[in-house]
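For reference, the structure is listed below as structure tokens.
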Ligand SMILES: C[S@@+](CC[C@H](N)C(=O)[O-])C[C@H]1O[C@@H](n2cnc3c(N)ncnc32)[C@H](O)[C@@H]1O
């Protein structure tokens with residue numbers, strides 16, 4: 001699913017790309033390879049443990065010099081306006097409270113240049129009701145410390161935050177996943 005999101009984003013040589021919630025850093029490696037030596041990748045994650053893990057992932061493949069890691073909160077991105085060509089978010093938007101999702105996406109819109117792209121991969125609430133989704137949501141409501149995320153409306157959230165939808169795909173894991181590419185209007 002992450003691969004499909006990275007393919008949709010299609011980061012190009014020389015671009016400046018941001019990943020929010022990079023976790024262990026595997027997508028940072030792909031992004032750093034795609035932007036090449038003339039490009040730049042920034043990564044932001046709330047967990048200093050993930051920052052340390054991602055740093056060692058990048059060191060192992062010799063791409064640490066191309067990536068700048070920051071420990072921070074996506075609701076307040078520490079970057080200037082219009083600075084990125086593309087943003088990647090996978091399995092992270094589902095962790096935010098519902099009112100925070102538009103705030104995160106508004107920050108993404110602020111730091112993207114006009115015409116810049118955002119790819120979001122996330123567990124989807126869209127479509128038919130299913131037993132698995134209901135159990136998932138119930139577990140999140142009752143045990144939020146154990147199940148810290150839940151399905152969300154990915155495409156709708158991206159669209160309602162002022163991005164033009166370029167493509168939207170839906171694939172099945174054990175739950176449905178949306179892979180959405182949006183563009184900041186120019
Ligand atoms: C489920 S992991 C997804 C990791 C990776 N993107 C992937 O697809 O495997 C979610 C990541 O989001 C980070 N995260 C959670 N809340 C955040 C916030 N408010 N700001 C930035 N990152 C956050 C977590 O630390 C974690 O690394």
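The values are calculated or read from the model by the stated rules, or taken from the named source; none is laboratory data. Owing to the predicted nature of the structure, the values given are computational and were not obtained by experimental measurement. Positions of Cβ are generated from backbone atoms using ideal geometry, with glycine treated the same way; all protein chains shown enter the neighbour counts.
Here are the numbers for this structure:
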item: Residue match in the stretch 99-113 (condition: in a strand (DSSP E or B) and modelled with pLDDT of 95 or more); result: yes
item: Flag if residue 4 is free of Cβ contacts under 8 Å to residues at least 24 places away in the same chain, surrounded by fewer than 19 Cβ atoms within 10 Å (Cβ to Cβ) and either away from the ligand (no atom under 11 Å from the Cβ) or within 27 Å of residue 171 (Cβ to Cβ) (or both); result: no
item: Residue that is surrounded by the fewest Cβ atoms within 10 Å (Cβ to Cβ) [pool: residues in the stretch 125-172 that are under 21 Å from residue 106 (Cα atoms) and within 15 Å of the ligand (Cβ to nearest atom)]; result: 149
item: Residue identified as out of contact with any helix residue (DSSP H, G or I) (no Cβ under 9 Å at 6 or more places or on another chain) and in a loop (DSSP other than H, G, I, E, B) among 145, 82; result: 145
item: Some residue of the stretch 85-101 being within 11 Å of the ligand (Cβ to nearest atom), loosely packed, with under 13 Cβ neighbours inside 10 Å and more than 23 Å from residue 170 (Cβ to Cβ); result: yes
item: Residues of the stretch 51-79 classified as within 12 Å of the ligand (Cβ to nearest atom), assigned to a helix (DSSP H, G or I) and closer than 27 Å to residue 113 by Cβ, total; result: 2
item: The stretch 16-33 - residue that is assigned to a helix (DSSP H, G or I) and within 11 Å of the ligand (Cβ to nearest atom) and, of those, nearest to residue 79 (Cα to Cα); result: 28
item: Residues of the stretch 85-95 satisfying the condition of being part of a strand (DSSP E or B) and out of contact with any helix residue (DSSP H, G or I) (no Cβ under 7 Å at 6 or more places or on another chain); result: 85, 89
